[in-house]
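Asks: Take this structure, written in structure tokens, and hold onto it; I'll ask about it next.
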Amino acid sequence: MTDLFEKPPGGPYLLSHSAGLLPTAARGEFEAHFFTPWAAKPGESWPLWLSAIDDFRGALAGLLGGQIADYCPQPNVSAGLFALLSGLGLEKGRNRIIMSVQAFPSLGFVAQQAERLGFRLELLEGDPADITTWDTALKPDVAVVLVMHVHSNTSVVSPVVEIAELARARGIFSIVDVAQSAGILPIDVNAWQADALIGSCLKWLCGGPGAGFLWCPHDLRPLNVGWFSHKNPFEFDIRNFRYAPDARRFWGGTPSVAPYVLATTGIRTISEIGVEKILNHNRALIARIDPSDRSGKGGTLCHKPSDMEKTMAALTAAGCRYDRRGDTLRLSFHIYNTEQDADIVASCLN
């Protein structure tokens, strides 16, 4: 599978949790669906560009489930979260947002600012993999629960289905962040039955930056609208705004196109390989380093070495591309990594 991606020279590339590799097909697809319409028919390129964005939405639905109409492009997960929160009407006595203290900080920043809309953020200190942590926290005054499917600094997986079930039973709106799981763990929005998803194509989906998305089958009315949130963007009546009948109501103003054209190739490449095959390959490579049970973990091996400086020096000398968060090294094995990559890493760890 290594020929499907542009691999950088040198040692093992282990940063798929940060930025997946460029699919080899992406340059040609980008040329065909972005540059060619622009160059050949610049005055008529918008219909072709918008069709390409529909392809992006369709590719997501094919991978993650649900209806194309319920997907909307977003520049990143933070924008997607704010769009969702801004569309939720608060009930009297119900305004708290619950998320784990281990959640991606950017989302915490969004939730803090949402206090200006009447929300109140609470960060949970307990184990996000333990359903009891969530069961105890989801009290009658909670409006929203935000769940990381996979936590970026620990690779811990949250029990999404169980949390969503608790939330439904208690009238709480559930949002799941799949930025660190889409492309490496199976996802089925129909089976999960969460109220909304937010995600990014940058990481395991190998789609590049700027191609975020949200999925929401509910008729929320976001505040951050624009002409592409309109039922008919080309009506051009400033006095008559009507929300789009599907998730495009979250779109906003004039959309970016290039990130989504690029990301579509990544999503399709991952879909054609198969997430289950990618996950099995990931597990097999990690087992060459750490044979312990990986159930309840994402695709990143989070390793705490006994001698950080010595281990980092060894990995760097071997040409490994990896990163560090505090006392933890993050090492991610994708379909384009090999057994040799895993053995090189194993020889460097202590």
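Asks: Hey, does the stretch 293-301 have a residue that's at pLDDT 95 or above, assigned to a helix (DSSP H, G or I) and surrounded by 14 or more Cβ atoms within 10 Å (Cβ to Cβ)?
Replies: Within the stretch 293-301, not a single residue is at pLDDT 95 or above, assigned to a helix (DSSP H, G or I) and surrounded by 14 or more Cβ atoms within 10 Å (Cβ to Cβ).
Asks: Given the residues GLN193, GLN180, which is the only one that is over 23 Å from LEU50 (Cβ atoms) and in contact with an Asp or Glu (Cβ under 8 Å, 6 or more places away or on another chain)?
Replies: Details: GLN180 fails: in contact with an Asp or Glu (Cβ under 8 Å, 6 or more places away or on another chain).
Answer to the check: GLN193.
Asks: Tell me which residues, restricted to the stretch 1-31, are in a loop (DSSP other than H, G, I, E, B) and among the hydroxyl-bearing types (Ser, Thr, Tyr).
Replies: Those that are in a loop (DSSP other than H, G, I, E, B) and among the hydroxyl-bearing types (Ser, Thr, Tyr): SER16, SER18, THR24.
Asks: PHE34: at pLDDT 95 or above, farther than 26 Å from PHE333 by Cα and surrounded by 13 or more Cβ atoms within 10 Å (Cβ to Cβ), yes or no?
Replies: Details: at pLDDT 95 or above: yes; farther than 26 Å from PHE333 by Cα: yes; surrounded by 13 or more Cβ atoms within 10 Å (Cβ to Cβ): yes.
Considered against the rule, which asks whether it is at pLDDT 95 or above, farther than 26 Å from PHE333 by Cα and surrounded by 13 or more Cβ atoms within 10 Å (Cβ to Cβ), PHE34 comes out as yes.
Asks: Given PRO8, PRO42, PRO23, PRO12, which one is more than 25 Å from GLN193 (Cα to Cα) and more than 24 Å from the chain's Cα centre (by Cα)?
Replies: From the options PRO8, PRO42, PRO23, PRO12, the qualifying one is PRO42.
Asks: Now for a separate question. For the stretch 235-267, enumerate the residues that are of a type in the set (Val, Ile, Thr) and closer than 20 Å to ALA83 by Cβ.
Replies: THR254, VAL257
Asks: List pairs: first in the stretch 326-350 and within 11 Å of CYS302 (Cα to Cα), second of a type in the set (Lys, Arg) and in a strand (DSSP E or B), Cβ under 8 Å, 6+ apart or cross-chain?
Replies: Going by the 8 Å Cβ cut-off, the qualifying pairs are ARG330/ARG324.
Asks: If you don't mind, another one. Take ALA167 and tell me if it is out of contact with any strand residue (DSSP E or B) (no Cβ under 7 Å at 6 or more places or on another chain) and surrounded by fewer than 24 Cβ atoms within 10 Å (Cβ to Cβ).
Replies: Spelling it out, it is not the case that ALA167 is out of contact with any strand residue (DSSP E or B) (no Cβ under 7 Å at 6 or more places or on another chain) and surrounded by fewer than 24 Cβ atoms within 10 Å (Cβ to Cβ).
Asks: Quick one: in the stretch 181-191, which of the residues that are open to solvent by 20 Å² or more (accessible area, probe 1.4 Å) and either modelled with pLDDT under 95 or not in a loop (DSSP other than H, G, I, E, B) (or both) is nearest to ALA244 (Cα to Cα)?
Replies: ASN190
Asks: Then there is this: Filter the stretch 224-234 for residues that are in a loop (DSSP other than H, G, I, E, B) and of a type outside the set (Gly, Ala, Ser); which is farthest from PHE82 (Cα to Cα)?
Replies: Per the stated criteria, the residue is PHE234.
Asks: Sticking with this structure for a sec: Residues being open to solvent by less than 10 Å² (accessible area, probe 1.4 Å), part of a loop (DSSP other than H, G, I, E, B) and of a type in the set (A, V, I, L, M, F, W, C): count how many of those fall in the stretch 195-223.
Replies: Matching residues across the stretch 195-223 total 6.
Asks: Based on this model, can you work out whether ASP237 counts as over 25 Å from ALA26 (Cα atoms), assigned to a loop (DSSP other than H, G, I, E, B), out of contact with any helix residue (DSSP H, G or I) (no Cβ under 9 Å at 6 or more places or on another chain) and without any contact (Cβ under 8 Å) to a residue 40 or more places away in the chain? Write out each step before concluding.
Replies: Numbers: over 25 Å from ALA26 (Cα atoms): yes; assigned to a loop (DSSP other than H, G, I, E, B): yes; out of contact with any helix residue (DSSP H, G or I) (no Cβ under 9 Å at 6 or more places or on another chain): yes; without any contact (Cβ under 8 Å) to a residue 40 or more places away in the chain: yes.
When the stated conditions are applied, ASP237 passes them.
Asks: Next question, about the same structure. Can you tell me which of THR316, THR269 is of a type in the set (Ser, Thr, Tyr), surrounded by fewer than 19 Cβ atoms within 10 Å (Cβ to Cβ) and modelled with pLDDT of 95 or more?
Replies: Matching residue, one of THR316, THR269: THR316.
Asks: Looking at the stretch 335-346, can you tell me whether even one residue there is among the charged types (D, E, K, R), farther than 22 Å from ALA179 by Cα and in contact with a Pro (Cβ under 7 Å, 6 or more places away or on another chain)? So that I can check it myself, show each step before the final result.
Replies: As a first pass, look at the stretch 335-346 and keep what is among the charged types (D, E, K, R): 339, 341, 343.
Next cut, farther than 22 Å from ALA179 by Cα only: 339, 341, 343.
From what is left, the residues that are in contact with a Pro (Cβ under 7 Å, 6 or more places away or on another chain) are 341.
Scanning the stretch 335-346 turns up at least one residue that is among the charged types (D, E, K, R), farther than 22 Å from ALA179 by Cα and in contact with a Pro (Cβ under 7 Å, 6 or more places away or on another chain).
Asks: Give the number of residues within the stretch 243-264 that are part of a loop (DSSP other than H, G, I, E, B) and open to solvent by less than 80 Å² (accessible area, probe 1.4 Å). It would help to see each step written out before you state the result.
Replies: As a first pass, look at the stretch 243-264 and keep what is part of a loop (DSSP other than H, G, I, E, B): 244-246, 251-257.
From what is left, the residues that are open to solvent by less than 80 Å² (accessible area, probe 1.4 Å) are 244, 246, 251-253, 255-257.
Looking only at that region, the number is 8.
Asks: Checking SER271 against (1) in a loop (DSSP other than H, G, I, E, B); (2) in contact with a Leu (Cβ under 8 Å, 6 or more places away or on another chain); (3) small (Gly, Ala, Ser), which single condition isn't satisfied?
Replies: Evaluating SER271 over (1) in a loop (DSSP other than H, G, I, E, B); (2) in contact with a Leu (Cβ under 8 Å, 6 or more places away or on another chain); (3) small (Gly, Ala, Ser) leaves (1) as the failure.
The values are calculated or read from the model by the stated rules, or taken from the named source; none is laboratory data. Values in this document were obtained by computation on a predicted structure and should not be read as measured data. Cβ: placed from backbone, ideal geometry, glycine included. Neighbour counts: every protein chain shown. For accessibility, only protein heavy atoms count, side chains too; no ligands or nucleic acids. Shrake-Rupley method; radii C 1.70, N 1.55, O 1.52, S 1.80 Å.
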